[in-house]
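*Asks:* Could you have a look at this structure, given as C-alpha cells, before my questions?
The values are calculated or read from the model by the stated rules, or taken from the named source; none is laboratory data. Computed from a predicted model, the values in this text were never measured in an experiment. For neighbour counting, all protein chains shown are included, and Cβ atoms are generated from backbone atoms with ideal geometry for every residue, glycine included.
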Amino acid sequence: MIQTVNLQKLFATEEVETTALNGINMDVKDGEFVAIMGPSGCGKSTLLNIIGLLDNPSDGQYNFYGTEVSKMTERERAQLRKGSIGFVFQSFNLIDELTVYENVELPLLYLKTPAEERKTRVEEALNRMNIMHRRNHFPQQLSGGQQQRTAIARAVVAKPKLILADEPTGNLDSKNGEEVMKLLGELNDEGTTIIMVTHSPYDAGFAHRTVNLFDGKVVTENIRV
Amino acid sequence: MLTNTLKLAWRNLTAGGWYSVLNVGGLAVVLAVSVLLLWWVKDELTFDRFHPAADRIYRINSRHGTGADEQYWQSCPAPIGVAAMSGRVPGIEKATRLAGLYDFNSLRAGNQTYAEKSNDLGYADENFLDVFGGFRVLYGNIAQPFPTPNSVVLTEAMALKYFGTANAVGKTLTVVDSNRVFSVGAVLADLPDNSSYHRKIIFPMSLRKRLFTGNGPWKLMDDDWGNFSFATYVKVAPGVDPARVAKTLTDIQNKARNTSEPGQLSTYTTQALTTLHLYEPDGHDTGLQQVRMMGLIALLLLSIGCINYVNLTTARATRRAREVGVRKVVGAESGHLMGQLLVESLLTLALSLVLAVGLIQLMIPFYRDLTGKTLGFSLLDPQVWLFLVGALLVTLLLAGVYPALLIARFDPIRSLRGRGVTGSQAGLRRVLVVTQFALATGLIFSTLVIGNQLSFLQKRELGFNKTHIFTIQTNDKTEAFRKALANESSVEHTASATTELTSGMGSTSDTEWDEKTPGRNFMMNQMSVSHNFVQDMGMTLVAGRNFREGKADSLSFIVNETAIRDMGISNPIGKRFKLHDWNGQIIGVVKDFVFSSAREKVPPTILFLRPEWNGTLYVRATGQNTKQALATAERIWKQNSPQYPFEYRFLDDAYDQLYKAEQRTGQLFRFFAGIAILISCLGLFGLAAYTAEQRTKEIGVRKVLGASIPSIVGLLSKDFLTLVGVAIVIASPVAWWAMNNWLHEFAYQISIEWWVFALAGLLAVGIALLTVSFQSIRAALMDPVKSLRSE
Ligand SMILES: Nc1ncnc2c1ncn2[C@@H]1O[C@H](COP(=O)(O)OP(=O)(O)OP(=O)(O)O)[C@@H](O)[C@H]1O
Ligand SMILES: [Mg+2]
C-alpha cells in the first residue's frame, strides 16, 4: 500500500527554484501495475525517486506500507528500502567492475543472506531472466537487452514487494523492449506491485492504469478496461 | 562479503591503470623515505638509553666564568671523580671517569704496527663497565675488565683486527713508544650506533696516573685541579636530586682549593646521560634541532603523500559516483560503502608498503652513507615492522578515511547521473594542491638558501692561505724533520705549531693584562707556533711585528683581533701580558683566522714561541710538486721513525671536515626536497589527467567550434598555475622565517636576497607547468570526433 498526499518537491538552485512536484495525490494498491506518463520535465523521475525512498519530498505526506516516511533520514530510508524495493533504470546502471552474477548477488549481500540461499536465489533469478549463460560476463560484454535483463534479475532477486522502473525500455529496440515488458508483466501476475515511468503508450498498455503528469500535477488517470 | 569486497577492491585497483601506479608508487616512495627518516629520529632520541639505569646516570659538567665569559665544559678535573667515587658524597651510588688518550697512538700486535686515531683510544676507570651497565661484554669479566695494571679492553672489531678472533682475552698488544706490553682483559661487543661513547681501545686510568708527570703544584693526577680532561659520570640513588650532588661536588672543590681568587673556581652541574647526545653542556639543544627538522620533513613528506592520495582518490570518485549510486539503490548503507572504500585504501596502502619495503632495501646503503650510521635498520627487526605498520595506519587514517567518508555520503540520485562530486570537494582539492605546492616551494626555497649559505662558508675568507699544506704529527722530532724538509725543492715553507689548526687548541684562563677586571674568568685559545708561522701561513698582521727567530721573543705574544676586542685592550702593541707564568708583552695583532666550525665565532686566541710544544709540522708544497713533497716527507719519516707508520693530512681536507655537518644537511635537503617535489608532481600529474579526462567532451566541442590547440592548453593549465601561484605566495614568508632561524645558528651568515624567492617561485611554476602541460597538450591534441563519441 502506497499513498501520497499533496506531495511537493522543490529544487532550489542559486538562480532558479523549480517546482518539480506540485501536490501529487496518488494511491497504489498491492499487486497493482501503474504506468506514469507525461512530457519531459514534468516530474516523473522525481516522483519515482520519492516513491522509491531515494529522496524526500519538500512537503506533503507519504505513507509506505503503513509507515509515514516523508520526514525520514537517509539512513532510515535506506533501511526501509533494503529488500523491499527493486529498481530498474533506463540506463541499466549495472556496476562495470562486477560480473553479471555478482551484480545480481549484490542486494542479497547487503541483506546478509546466507551463502547457500544466495546462490540458489541468484541462479533462480538468472534462469528466470534467461541470462544464466552469461553469468561470468561483465556488463560491457552484453547487449542492451541482456543488460536490462540482468538489471531486472537484480531488482527481483531479493523478492521485493515493489518494483520501480524508470523508462525500462528507453534504451532498447522494440524486440528487446517487448521482452522486458513481458517479464515485468509476469512479475506483476505473481503479485509484485510495479510502478513504471514510460513515454511509450504501448508499454503503458501493459499496466492496469496510467497516471498522466503535467507540470508536477496529476492531470488524468486512465484505467485499462 | 569480505572476499567479495577484497575481490572488488583488487579489480578497482587494477582497473585504475596508471592512476593506481601513481597512487601506489607515490605512497611507496613517501612511506619508504619517511620511515627511514623517522627511524633515524628514533635512533637519535634513544641515544644511550640502552644502559639499564640510564635515567640515574649523570655526567658532571663544569661551568667557568660568568656573564659573557661563561663557558660550560663537559669534563672535570680528576679529583672531582675521586670525590664522586669515594662513597662519601651522599646520593652517589657509583661513579667513574672516562678520558681521551693522547700519550701514544701506535700499537703493535704480532709483528704488525697500527696507527690508531686518537678518537678510538681512551682511558677509563676500572669500574666503568659496571657503572654504565649497558656495554655488552663478550669475553672477560664485567666487574674486572682490567685484571692487571697492564690490561686493555677492546671492542670486537678491534680484537678481530689485531688477532683475527673476538676471543682475544689474554692476547697481547704492545705500545710502540714505550714497548710496554698489555694483555687483553675483556672484549666488548661493538658499541651500538646510538652510544655517545665510542672508543674502541680502552686502557686503565691507572696507566694515565703512571704517565702523569706533574702540573705546577700538583704532583699526582688525582690531585690535579687544573686539568679538565675527565668526563665524570655518577650513578645516583633512586629519587636523588642530581643538583644536590653537583652542589656537594662544588663545595668539595671549594674546600680543597681554598683559593683567594674565587673567579678561578668552577661550578659543577649535572647533565643526564640520556641528553648527552642532543644537548650541549649549557643546555642548548643543538642536536635536537636537527632531529626536529628531520622529523618535520618526515611528516611533511607523509602529508604530501597523503594529500596526493586524497586528491587522486577523490578525483577518481567522480568516476565511481555511479557505482556508489547503484550500490545504494540496491541496498548498500553508507557503512557498507565506507567499509568497501577503506578496504580499497588498505589494499592500496598494503601494496605501497610492500613496494616501500623494497625501496628501503635499495636505500639502506644510501641511508648509511648519508647519516653516517653503520648499523641499525634491518627488516628482521620487529621494531621496524612496528614502524612500517604504524606509518601505514597513520596514512590510512589521514588519507583513507576522508575519501571513503566523502564517497559513501554521495547522494544516490545525483550519483546515478554521474555527479558525485560537488563544488566544495573540488574546492578541497584546490586547498590540498595549494598546501602541497606550498610545501614543495618551501623546500625548494630552503634548499637554495642552504646551498647559498654552504657556498658562502666555503668561500669564506679564512684569514690565511691553506693551499698545498699538509701536516704531520711529529711530536718531539718536529725540528729535526723541519730542517730535513726545509731545503727540498718541492717544499715552499715549513712551519710548526702545537696542533693542526682544526683539531682544536688548548684553552686557558691563566692570563693577566693591565686593564683586566680582577677575578674575571676569561677563556682564550693558546697555541705555540714557530717564529715564521704567521708569515708563512699567509696570515695578516694588522698591527705590530712578527716573531723573530731565536730566544729573543720567547716572552712575546701575538694575539688575534677578537682577543684584543674581548679583552678591551687599547693600543695593544707593547702592552704587558702574562700567560701562565710567562710575563711578557704583546708584539703583534693578527687578523682573525678561522679554525673552528662556522657556527662558532672565531675565539680569542694567543700565539707564542714554545718550540718544545710544537708537535705538528706544517709543510707547504710548491704548487706542482705536492706529490713529490709527500714522497720526500715519507722517505725522511721512514729513516727517522721506521717503527711508526707515516701519516699526513691536508689542511684542505681538514677544513672540509669542519663543514661536514652543514654539507650533510645540504645534501639531505636536496634529496628530500627532490622527493617532495617529485611526489607533488605525481599528484598534480594525476589531477591534470583527470581534469582533462572530465573535460574531454568540452574540449571536443570547443575544437569542433574552432578553438586552437594553444588556447585549449591554456584553458586546462590556467587553473593549476593559479593554484601554484597561491602556494608560492603562502610559502615564501614561512620559508623565509624558517630559513632565517636556521641561519641564526651560524656566526657567519648570508642574508636572503629577493632573487632566491624569485628563483624558487620560478622553479615551482616551471615544474608545475611541465607536469600539467603534458596532460593538457595530450588532451588538446585529441581527435575531437573521438572525444565526442566517448561520452
Ligand atoms: N537535482 C535537481 N536540481 C534541480 N532541478 C531538478 C533536479 N532534478 C530535477 N529537476 C527539475 O525538476 C523537474 C522534473 O524533473 P524530472 O527528472 O522528474 O523530469 P521527468 O519527468 O523525469 O523528465 P524526463 O521524461 O525527461 O525524464 C525538471 O524541470 C528538472 O529540471
Ligand atoms: Mg525522467
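*Asks:* Across region A:72-104, what is the total count of residues that are under 25 Å from residue B:11 (Cβ atoms), touching a strand residue (DSSP E or B) at 6+ places or on another chain (Cβ under 8 Å) and more than 9 Å from chain B (Cβ to nearest Cβ)?
*Replies:* 1
*Asks:* I need the helices (runs of 4 or more DSSP H) fully contained in region A:31-110, keeping only those with at least 3 residues that are within 16 Å of ligand 2 (Cβ to nearest atom).
*Replies:* The qualifying helices (runs of 4 or more DSSP H) are A:44-51.
*Asks:* Now, a different point. Can you confirm whether residue A:142 is out of contact with any His (no Cβ under 6 Å at 6 or more places or on another chain) and either under 26 Å from residue A:31 (Cβ atoms) or within 16 Å of ligand 2 (Cβ to nearest atom) (or both)?
*Replies:* Considered against the rule, which asks whether it is out of contact with any His (no Cβ under 6 Å at 6 or more places or on another chain) and either under 26 Å from residue A:31 (Cβ atoms) or within 16 Å of ligand 2 (Cβ to nearest atom) (or both), residue A:142 comes out as no.
*Asks:* Also, quick follow-up: Taking the condition without any contact (Cβ under 8 Å) to a residue 60 or more places away in the chain, over 24 Å from residue B:3 (Cβ atoms) and within 14 Å of chain B (Cβ to nearest Cβ), does residue A:147 pass?
*Replies:* So residue A:147 passes the test.
*Asks:* Here is a follow-up. Looking at region A:23-34, is at least one residue closer than 20 Å to residue B:332 by Cβ, out of contact with any Lys or Arg (no Cβ under 6 Å at 6 or more places or on another chain) and not charged (D, E, K, R)?
*Replies:* No - not one qualifying residue is present in region A:23-34.
*Asks:* Among (1) surrounded by fewer than 20 Cβ atoms within 10 Å (Cβ to Cβ); (2) of a type in the set (Gly, Ala, Ser); (3) out of contact with any Phe, Trp or Tyr (no Cβ under 6 Å at 6 or more places or on another chain), there is one condition residue B:106 misses while meeting the rest; what is its number?
*Replies:* That leaves (3) as the condition not met.
*Asks:* Would you be able to say whether some residue in region B:706-719 is under 30 Å from residue B:462 (Cα atoms), outside the structural domain of residue B:26 (by TED's automatic domain parsing) and touching a helix residue (DSSP H, G or I) at 6+ places or on another chain (Cβ under 7 Å)?
*Replies:* Among the residues of region B:706-719, not one is under 30 Å from residue B:462 (Cα atoms), outside the structural domain of residue B:26 (by TED's automatic domain parsing) and touching a helix residue (DSSP H, G or I) at 6+ places or on another chain (Cβ under 7 Å), which makes the answer no.
*Asks:* What are the residues in region A:1-49 that are more than 18 Å from residue A:184 (Cβ to Cβ) and touching a helix residue (DSSP H, G or I) at 6+ places or on another chain (Cβ under 7 Å), if any?
*Replies:* Matches in region A:1-49: A:7, A:9, A:20, A:21, A:24, A:38, A:49.
*Asks:* Among the candidates B:430, B:419, which residue alone is surrounded by fewer than 18 Cβ atoms within 10 Å (Cβ to Cβ), within 16 Å of ligand 1 (Cβ to nearest atom) and modelled with pLDDT under 85?
*Replies:* B:419
*Asks:* For residue A:125, only one of the following conditions fails: (1) more than 10 Å from chain B (Cβ to nearest Cβ); (2) within 16 Å of ligand 2 (Cβ to nearest atom). What is its number?
*Replies:* In the conditions (1) more than 10 Å from chain B (Cβ to nearest Cβ); (2) within 16 Å of ligand 2 (Cβ to nearest atom), residue A:125 misses (2) alone.
*Asks:* Considering region B:537-580 alone, what residues qualify as being over 15 Å from residue B:591 (Cβ atoms) and not in a loop (DSSP other than H, G, I, E, B)?
*Replies:* Residues satisfying the conditions are B:556, B:557, B:566, B:567, B:576, B:577, B:578, B:579.
*Asks:* Quick one: which residue in B:27, B:8 is at pLDDT 80 or above and buried (at least 18 other Cβ atoms within 10 Å of the Cβ)?
*Replies:* Answer to the selection: B:27.
*Asks:* Here's a follow-up. Which count do you get for residues in region A:20-30 that are over 24 Å from residue B:325 (Cα atoms) and within 16 Å of ligand 2 (Cβ to nearest atom)?
*Replies:* The total comes to 1.
*Asks:* Quick check on region A:41-56: of everything there that is more than 12 Å from every other protein chain (Cβ to nearest Cβ) and touching a residue at least 40 places away in the same chain (Cβ under 8 Å), which residue is farthest from ligand 1 (Cβ to nearest atom)?
*Replies:* Here the residue is A:51.
*Asks:* Does at least one position in region B:384-398 carry a residue that is surrounded by fewer than 23 Cβ atoms within 10 Å (Cβ to Cβ), hydroxyl-bearing (Ser, Thr, Tyr) and either part of a helix (DSSP H, G or I) or assigned by TED's automatic domain parsing to the domain that holds residue B:308 (or both)?
*Replies:* Within region B:384-398, not a single residue is surrounded by fewer than 23 Cβ atoms within 10 Å (Cβ to Cβ), hydroxyl-bearing (Ser, Thr, Tyr) and either part of a helix (DSSP H, G or I) or assigned by TED's automatic domain parsing to the domain that holds residue B:308 (or both).
*Asks:* Have a look at A:18, A:4 and point out the one that is within 12 Å of ligand 1 (Cβ to nearest atom) and of a type in the set (Val, Ile, Thr).
*Replies:* A:18
*Asks:* Out of region B:492-509, which residues are out of contact with any strand residue (DSSP E or B) (no Cβ under 6 Å at 6 or more places or on another chain) and surrounded by 15 or more Cβ atoms within 10 Å (Cβ to Cβ)?
*Replies:* Scanning region B:492-509 gives B:501, B:502, B:503, B:509.
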